[in-house]
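> First the structure, then my questions, so here it is.
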Amino acid sequence: MRLRPRRRLPGLLVAAGVIYFFATNSGVVWLYLLTALLLALVPIGLVAPLLTIQRLRLGVVAVDSHGFEPPLRRDHARVFAGDRLALRLEATGNMEACELGPLVLASGDTRATHRVASAIELDAGRRGRLQVEAILASSAWPLGIFTAERRLPLAQTIVVNPRYCVPRPAERAGIREPIGASSRRGAGDQFLGLRQYQPGDSQRRIHWPTTARTGELMVIDTALESNSPGAFHLEIAADAGPRSADLAVEVTASLAAGCVAEGRAFRLDLGHERTPTGSWDEALARLSLASAGEPGRSPSSSPVTIRAGRDGVDIAMGDRARWLAPDLALLEVQAILEELG
Amino acid sequence: MGATPEESPLARLSVLLAAGVANVGLTVEAGAPSIALTCLLLVALGHYVSWRGRHRRRTRRGQVFLGVLLLGCIAYVVADLVFGVFGGALPQAKFAMLAQAVTAFDLKSRRNLFTHIWHSAVILYIGALFAWTPVYAVFVLAWALAFFGFLLFTHRRDPAHAGADNLLANLRGSVRGVAPWAACWLVLAVIVFVGLPRFAGRPTAVPLLLSIPLPEQAVPEVLPAVLPLVGAEPGAGGDQSINLRVRGRLGDEVMFRVRAPAASYWRAYTLEEYRGQSWVRVLRPSRPIPPITVDLPIADERVGEGTSLPQTFYIEHPLPAEVIASYPLRELYFPARELRLSSTGTVRAPFGLRRGVNYSAVSTVRDFSPRALRTAGSLKVVEASPTDLALPPAIPARVKRLADDLVTGRATEYDRVAAITQYLRSNYRYSLDTPRLPTGSDAVDQFLFVDHVGFCEQFASALAVLLRAEGIPSRLAVGYATGDHDNFTGSFTVKAHDAHAWVEVLFPGIGWMPFDASPGFAAEPAAQKPLRWLLSDFSPQVAMASLGTGGRVALGLGVGTVALVAVIALAILALRHKSLSPSVRVYQRSQRWLRWGRLPARVPWQTPAEHLAWLRTVSVPAARALGPLAGRVEATVYAGVDVPRAGTSLGVLVEALRHRFRVLHGGS
């Protein structure tokens, strides 16, 4: 805890001193009384913020986000890069009397916040894991003579996903998830496995025996038999800039999302890992944390290769290739991917 | 986003309340209701105008207009002071109230509001000088509560869209939870008030007198102790004699008030020559003394010794020109260009003491114990003035015989004086209804042997005559008894019926000591030692008289103390600024550029990020320029990290900001 005087303290002391000087000179009892009243403000201004900040306890009850509208409806509850986050807090103590922010991250960095009622808003920033460790709280209530500051623990981990688009090849343009059931994952005949129910899944897909056994809603995951799994190889060079790396991840996520939207299985090669075929959730989580310099598997096994370099992103799809500038917007990426087919 | 403190109606109402309380308090205690009411209405109007125009920038024309109005206030006060155009009462108070009314029209920033509320404290101070009853505590507390509210409301943000409709809701929200702290504050204030060291001995600094050559019609109604001005008015002196044959009925009107830490008789002058039916003042040579006099040279007195008794007098009723004070005087601060001091210690002003005249005096409280007085030197070595021993030749012999009988067996002068005093107090009745003194008879003889009843002048005359019969120098002192004491304010209210006469007796080597033979009054009415407040002994006692050119030095000490406090406060602020990291300093500079560019600068309750979000709604390019710096400042201030980012130096940021603002504002 830290305590520091504010600018009004010297003014208050000087005023009390001057009035006391006059009091001693004139012997007027009212001036002694006025001096006492002014001086007594100082300890109140010192103790009140200390106790206020000492009694404050905070906890996060919910995390809301707004900004990016994911093309796949199932992702509406996720946090995406660039979103505006709102951590809804519950407090013990007088939170109204305190200033909150910024957040202290596990990395030691701070993240600026803006308080709205009982929530604090912040920018989600880049994709990755946002590990909140604490929040800096301060209070000068009620008189603003001293400010007491304290670092309040506020453990919260938020996965910030990369943004993505759903490229629409010309022949399927106008079909967007979840408008057409056939374009959705689980709409085909090829059995992929069982997975948890997610909003948007058809009730007809619920596998009741497994649901009864596990106590959780489970659905049958299938893919169109006619669609062959897509395979994407992502490589982020060690000297890739952050924007290039993010762009490469966004491109990869968009390609995978395209497969999901079409109900096709896909595979993602990244580093030594390979996500289970068709597991969008795991793919997105892995892409969120993809970092530069990770060694890749042999690109020969993947027909689509995305490589983030220092100056941009190279995409190779069979015999077609394209270089993307790092400052490309998502809509432009979508157009390019649709063009590449 | 909440309303800024400058926009908080509650903060502004607190300031208005403080101003109102101070004005009303001054009016109640010191009068001048018309000017106070006018100023109060102007202050309220000014607050309304300031509130409406809080978003408008100041114009040069408006500032000049306000300056002219302030000059008008000064002209008003000077005209009132010098020529008495508007009655001449309370010129400083009028100026303070008028200036506050003028500045109320220009309350834009929080600093303006602070200045305004301190201005009301000055008015409260002036009112306090004239406050004689505990009622004024209500005004002091009300002002303090308004100040408390001001600190609260200027620190806390009102909810967004705060307006008159939401005023009560905002008020409830603001004071919620504050009440216990306010109660603690008041309790703590009482403790501090009780324990605050007080200078019971003497003032810490001499009053600041401004010597202004005023014309004759000037009215010297001024403030005491700290800010008196010097005026001059020729006036008639008081009576030169007392007729013992008559005594008028005295009323209850207040003659004057005294603020002093101890009780005393307030002496005006002495009468030395007894003529059988009256006392007459002997005209003795007097010497001029300046209005500020330290170490008054009074004959037969060692005024430098003993405890100091500071007094401040507020004349409420016309009095003679003799300066009233506890005897003997050591220092005098009187609003006149020149006074005259007689060898009897009587100080005479150049004008009669009219209502509104205020002055300060410091007297000496001597050791009045029987032990000290018994050690007084022998009468033989005293060169007493013959007039202090003279008796009329026609005084009956039985008076002398009575005196001899009373002092038989009394070895010391004190014992003789005490014996005669006690005899008179025990054997005669005090009454204002006395038989008429027959023509040709001696007043003392009539009182001692015929009437056996009398009032203070008979008792004092009898004591003085009996003492003179025994060869003890004595004289009749005229003035006022102690009066009604208010324990809380430490003031004495002296009314007409407190007019009194007593005897001063010369003790060789000690001085003239007062004795009072009147029953019902103190037998030995010398000034008591000043009351000591709790912890007063820990306060520094400056021996002002020993400082040589004491006035200037003492004034220097006082001013120096205030200056030292101010310097320390400024040094703290400067050190705080210097200890700021470079990025914070650059950030502060950037805020100035924003102001110059008429863009919203950060207000104190905003974090840099919040300010950035606000700025973005007004100017995206400016926000983009400031963005990196705001992030660095947050990291510096909140995380204690101030490491320049790779490839980005402060200079680059500064230059980028400059460039952005230049572009934004057309290269200005």
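What follows is calculated from the coordinates using simple rules that are stated; it is not laboratory data. Computed from a predicted model, the values in this text were never measured in an experiment. All Cβ positions, even for glycine, are placed from backbone atoms using ideal geometry, and neighbour counts span all protein chains on display.
> State the dimensionless ratio Rg/Rh of region B:31-101 (Rg: radius of gyration of Cα atoms; Rh: Kirkwood radius).
When Rh is taken as the Kirkwood radius, the ratio is 1.05.
> Moving to a separate point now. What's the percent breakdown of Cα-Cα distances in region B:4-56 across 5 Å bins, shortest bin first?
4, 20, 26, 20, 13, 9, 5, 1
> Right, here's the next one. May I have the extent of the alpha carbons of region A:81-134 along their three principal axes, as whole Å values ordered from largest to smallest?
Largest first, region A:81-134 extends 34, 21, 15 Å along its Cα principal axes.
> When N counts the residues of region B:292-432, how does its alpha-carbon radius of gyration compare numerically with 2.2 N^0.38 Å, as a ratio?
1.32
> A follow-up question, please. Which value, in debye to the nearest 20, gives the size of the charge dipole of region A:1-138 about its Cα centre, when Lys and Arg are +1 and Asp and Glu are -1 at the Cβ?
200 debye
> Determine the shielding of peptide A:6-17 by partner chains: average, over its residues, the number of Cβ atoms on other chains within 10 angstrom of each Cβ.
Working: counts 2, 5, 5, 3, 9, 5, 3, 5, 6, 6, 2, 6.
The per-residue average across the peptide is 5.
> Quick one: plug the Kirkwood hydrodynamic radius of region B:359-460 (C-alpha pairs) into Stokes-Einstein at 25 °C, 0.890 mPa s, and report D in µm²/s.
151 µm²/s
> If each residue of separation counts as 0.36 nm, what is the full-extension length gain between B:A394 and B:F83 once their alpha-carbon separation is subtracted?
Length difference between fully extended and current span is 106.6 nm.
> If I model chain A as equal point scatterers sitting on the Cα atoms and use the Debye formula, what is log10 I(q)/I(0) at q = 0.07, 0.12, 0.13 Å⁻¹?
Log-scaled intensity ratios, in q order: -0.45, -0.91, -1.01.
> Based on other C-beta atoms within 10 Å, arrange A:F146, B:F334 from fewest to most.
Starting with the residue having the fewest Cβ neighbours, the order is A:F146, B:F334.
> Rounded if a/c is under 1.5, else prolate if a/b is larger than b/c, else oblate: which is region B:559-623, with a ≥ b ≥ c the root eigenvalues of its Cα gyration tensor?
Working: a/c = 3.19, a/b = 2.64, b/c = 1.21.
In terms of gyration-tensor shape, prolate.
> Fewest Cβ neighbours within 10 Å first, please rank B:R330, B:R198, B:R60 accordingly. Could you put the intermediate results ahead of the total?
Numbers: B:R330 27, B:R198 22, B:R60 7.
Lowest to highest Cβ neighbour count: B:R60, B:R198, B:R330.
> Step by step: find N for region B:334-380, compute 2.2 N^0.38 Å, then divide the Cα radius of gyration by it. What's the final number?
1.75
> Mind listing P(r) for region B:1-134? All alpha-carbon pairs, 10 Å bins, whole percents.
Here the calculated profile for region B:1-134 is 13, 42, 32, 12, 2, 0.
> Amide H of A:V160 versus every other amide H placed in the peptide plane: which residues, excluding those fewer than 5 positions away on the same chain, fall under 5 Å?
Here A:G128, A:R129, A:L130 satisfy the definition.
> Taking the square root of 5 times each eigenvalue of the Cα gyration tensor, what semi-axes in Å does the equivalent ellipsoid of region A:1-158 have, largest first?
Rounded to whole Å, the semi-axes are 46, 13, 12.
> So, one more: For region A:1-78, what mean projected area does the convex hull of the alpha carbons give, in nm²? Provide the component values of the computation, followed by the final result.
Values: hull surface 35.9 nm².
Average of the hull's projected areas for region A:1-78 equals 9.0 nm².
> While we're here: Please average, across the residues of A:133-145, the number of beta carbons from any other chain that are within 10 Å of each residue's own beta carbon, and give a whole number. Walk me through the intermediate numbers first.
Working: counts 0, 0, 1, 5, 0, 2, 0, 4, 6, 14, 11, 9, 2.
Per residue, the average neighbour count from other chains is 4.
> Local charge sum around B:P519 (other residues, Cβ-Cβ under 10 Å, Lys/Arg +1, Asp/Glu -1)? Don't skip to the answer; put the middle values down first.
On the way: positive: B:R425, B:R429; negative: B:D516.
Residues near B:P519 contribute +1 overall.
> Still on this structure, I have one more. Hey, what angle do you get for helix A:242-262 against the long axis of chain A, alpha-carbon based, 0 to 90 degrees rounded to 10?
50 degrees
> Positive end of the charge dipole of region A:78-162 (Lys, Arg +1 and Asp, Glu -1 on Cβ, about the Cα centre): tell me which of A:L89, A:A119, A:L105 has its Cα farthest that way.
Value: A:L105.
> With labels modelled as points extended 7 Å from the Cα through the Cβ direction, what inter-label distance (nm, one decimal) is found for B:D405 paired with B:T387?
Between B:D405 and B:T387, the label points sit 3.3 nm apart.
> Modelling each spin label as a point 7 Å along the Cα-to-Cβ direction, I'd like the B:R429/A:L46 distance in nm, to one decimal.
6.6 nm
> A further question on this structure: With the Cα gyration tensor of region A:32-112 giving a ≥ b ≥ c as the square roots of its eigenvalues, does the rule (a/c under 1.5 for rounded; else a/b larger than b/c for prolate; else oblate) give rounded, prolate or oblate?
prolate
> Determine the gain in length on full extension of the stretch B:A523-B:T115; use 0.36 nm per residue of separation and subtract their C-alpha separation, reporting nm with one decimal.
141.5 nm
> Counting partner chain Cβ atoms within 10 Å of every residue's Cβ in A:109-116, what's the average? Write out the running numbers ahead of the final one.
Values: counts 4, 10, 6, 12, 4, 9, 3, 1.
Shielding by partners across A:109-116 averages 6.
> Next question, about the same structure. By how many nm would the segment from A:E332 to A:D64 lengthen if fully extended, with 0.36 nm per residue of separation less the alpha-carbon distance?
Contour length minus the Cα-Cα distance gives 93.7 nm.
> Another one. Show me the ranking of peptides B:15-28, A:202-215 by mean Cβ neighbours inside 10 Å, starting with the highest.
Put in order of decreasing packing, that is B:15-28, A:202-215.
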